[in-house]
Each structure stands twice: as structure tokens, then as C-alpha cells.
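The values are calculated or read from the model by the stated rules, or taken from the named source; none is laboratory data. As the structure is a prediction and not an experimental result, all values here were calculated from the model. Side chains included, ligands, DNA and RNA excluded: accessible areas come from the protein's heavy atoms. Shrake-Rupley method; radii C 1.70, N 1.55, O 1.52, S 1.80 Å.
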Amino acid sequence: MAGLASPLRVCRGILKELRAMQGPSYKRSLAYSYVMDQFRKNKVTGERYCRAQQEALHASHTYLCLLASTRSHQALHNLYHAKGECSTEEAAGLVGLRLPTQPGGKGWEK
Amino acid sequence: MFRRVFQLRNSFGNVISVCKSCPSHQYSKCLSKYSTASTGNHGLYEINLDRRKLKTPGGKLFTVPNEALAIAVATEWDAQSGTLKFYTMHLTTLCNTALDNPTQRNKEQMINSALKFLETDTICRLPNDVGTVSVNHTLICIFSVLLHCRYNVTIGSSSSILGPEIPQATKETFRQHLNSYSLWSLTGLEFVISQLKSILLSLGMVDRYLTVEQAVLLSRLEEEYQISHWGNVEWAHDYDMYELRARTAAGALFIQLSSENLTVKHKIMQD
């Protein structure tokens, strides 16, 4: 019932996510070697159709979903929710006002 | 507070010691780029950050029984840059919960709290709206048939406020099925059930009838219908959807990796 993408596509997706996460040196990471190892091991053997292929494919699809959605969530968080409070100047600028200035400085400032 | 954390780092070299009094958003990460997983005692896997072993918040040594899970947790730690964002490290959180068991719950309590979701299960409430009578409705019907074949139970549906009647035999079937999971898998399963608000969708996903995206879509069916009618708000709808997907995927992966057994049979050459 679960319409899974092909193993090649899932593998490429996972490697793309790992590269986005870790930069150009992603090939040296543990996750890269483990993922490639698993994909090679779980190819259909010559004898018969292995149930393990569907299980491994589902697991890899799940992992791809985890990596992709964590990255998207993080990106949306940084875009919309991470700025914190704006400074007084920015808050005033939102409504087109400027902060008052006193040329001689206030009495208690040097 | 931040300056104090920095001084701690300087006096201990490149190692950061995580003190409980500091709020987590002020930790600065000075870990090596690659967190490693190593085999500890009894075939369990540990995580090393900068040659120091990772520990749970309860003070125990962080050990997992599965290599894939250890590598996934190490990858999560590797993905952190700048400050540590624990809300993105779902697998680590799940492992910590399973290891520490801070609320001291046993299997019986976990199964009871999971079964409470059965009466108000998401897919047992089919709305009357024309808009949702579509592919998704068909998907739910197919899914109910599959559940019937797998667990030999009939899941009714209702569009009233009271919900369908769940016979006791159905509850017993699910209770027995949930009892077959280990404590670790139950921790993950309870997490997924509380995210999706549906025990049936969670079991369907664990049994590989549904992908994570499909399960999340069915869980948010009403919301998706409203979005298709009124429009999508990226900073709320998409944000929630990606967070739900990430948590559900982490839970599903955790369950599968906690309950799998790997055996390798070598073919023998025959002369």
C-alpha cells in the first residue's frame, strides 16, 4: 500500500541531506559509510525476492523523511521564529517613527 | 552566564562540560566535527564527543543496542553548529527517555495510556464534508481493510461526537499485540501515538502499510481540508507539518531499530 520511491532515489535523497548537513566532507562521515554499506548489502540477491529489501527500503525512506523534515523545520524556524525581539530603533521604524535625540546629551550622560 | 560557560571551556581545553544550571540555548558547541560511535560493553554502542562519552540527562552512560541507531544519533550531534538545539535531536531525546525512564513507568502503564487513544482515534472519525470524500477517504477505507486482515478486528467509524463503540475483544487484541514490544519500542510507539493522536495510524506505519508522509497526512486530514479551502500559512501550517513529520519519522525509526534482529546466513558453496 505504501507507494515507496525507488531505492536509488531514496539513497540519493539521503546523501543529499547528509551533504546539506555536513558540507563537502560528508563522505568521511560514519552515516555515509553505513548508508552505502546497507544499500549495497540489501540489493536483491540472485535467488529470490527478499522481504528484507522492503523493510530496509521503508527504513531508509523513513530516515530520509527524518533528515529532510528536520532540515525544513529548522529552515522555517530560522526564517520566521528565530529573530527574537527587535531593537527600539527597529520597533519605532515599523510605524515610521524615529527615536528622539537630544543634541547636548541627557543630563546624566557624559 | 554565557561568559561563565566560556571560562569553563577555556579551563578544560576543548571539552565542554554540560552543567545543569545553564539554560540550554547558551551552550556553545566546541565538539569535533565527527562524533563517533564505538562498541562498549556487552555489544552496546556508545557515542563519543571529542573523546568524552555521551551521558544521558540522568547521568547514565548513553548506550544503544543497535549500530544504526548509534550512527543516527552521532549524525544528529554532528549536525549541530553554534548552539545546541535539542529540539532538533529527536532520536537523542527518545534514547534518553528510554534509558532514564524519568517517570518510572512500566509496560503496563504505557500500554494503558496508548490504548486510551483507541476510543478517540483519528481515523475513526470520518467527517461528513464533501471535500474530504476523495482519495484520502479511499485511503482510510483501504487502510481499515488491511487492519482487519492483519489484526482480525473491525474498526467502526462514526461522524458523531460520541465516536464508535470499540468492543472489548478489539482492545484485548491490541493489548496483546502491544505487549509483544520491548520497553524501548514501547517508548517509541507511545511517542508516535501521542504525535499522530492515533494508535491505528501508528501501528499501520510500524507495520509498513503507510509511509511517514501518508500517516502524517491522514492525521492532519481535517487541517489539510481547511488549508485547501482557506489557504496555507507557511510559518504555522508548514512549520507544524515538518515538525510532526520529523518527530513521527524519528519515532518510527526508533521503534524499528529497537525491535529488529539482524541475522546473516552465508550461502555454502556446494561441490
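Could you order B:Thr211, B:Thr63 so the one with the most accessible surface comes first? Probe is 1.4 Å.
Details: B:Thr211 10, B:Thr63 30 Å².
Ranking B:Thr211, B:Thr63 by accessible area, largest first, yields B:Thr63, B:Thr211.
Under a 1.4 angstrom probe, counting protein chains only, how are B:Asp121, B:Asp100 ranked by accessible area, largest first? Present the calculation step by step, with values, prior to reporting the outcome.
Values: B:Asp121 0, B:Asp100 35 Å².
Largest to smallest exposure gives the sequence B:Asp100, B:Asp121.
Could you tell me the accessible area of B:Thr83 in Å² (1.4 Å probe, neighbours in place), rounded to the nearest ten?
50
Pairing the Cα long axis of helix A:30-41 with the longest principal axis of chain A, what angle in degrees results, from 0 to 90 and rounded to the nearest 10?
Helix A:30-41 and the main axis of chain A meet at about 30 degrees.
Can you give the accessible area of B:Phe86, probe radius 1.4 Å, in Å² rounded to 10?
Roughly 80 Å² of B:Phe86 is accessible to a 1.4 Å probe.
Going by alpha carbons, how many degrees (0 to 90, nearest 10) lie between the helix axis of A:7-22 and the longest principal axis of chain A?
That works out to roughly 30 degrees.
Please determine, in degrees from 0 to 90 and to the nearest 10, the orientation of helix A:51-76 with respect to the longest principal axis defined by the Cα atoms of chain A, where the helix direction is its Cα long axis.
Long axis of A:51-76 versus the principal axis of chain A: about 10 degrees.
Go ahead and estimate [θ] at 222 nm for chain A from helices alone: -39,500 (n - 2.57) per DSSP H run with n ≥ 4, summed, over the residue count, rounded to 500.
Details: 4 runs with 61 residues, N = 110.
Roughly -18000 deg cm²/dmol at 222 nm, from the helical runs in chain A.
How much accessible surface does B:Cys149 have with a 1.4 Å probe, in Å² rounded to 10?
We get 100 Å² for B:Cys149.
Would you mind giving the total buried accessible surface between chains B and A, with a 1.4 Å probe and ligands, DNA and RNA left out, rounded to the nearest 100 Å²? Please report the intermediate quantities before stating the final value.
Values: alone 16150 and 9550 Å², together 22360 Å².
The buried area between B and A, both sides summed, comes to about 3300 Å².
Let me have the relative contact order for the stretch B:185-239, percent, based on Cα pairs under 8 Å that are six or more residues apart. Spell out each step's value before the answer.
Details: 21 pairs, mean separation 12.5, N = 55.
Relative contact order here is 23 percent.
Working with all protein chains in place, sort A:Arg28, A:Arg19, A:Arg98 by solvent-accessible area computed with a 1.4 Å probe, largest first. Could the numbers behind the result be given before it?
Values: A:Arg28 175, A:Arg19 130, A:Arg98 220 Å².
Final ranking, largest accessible area leading: A:Arg98, A:Arg28, A:Arg19.
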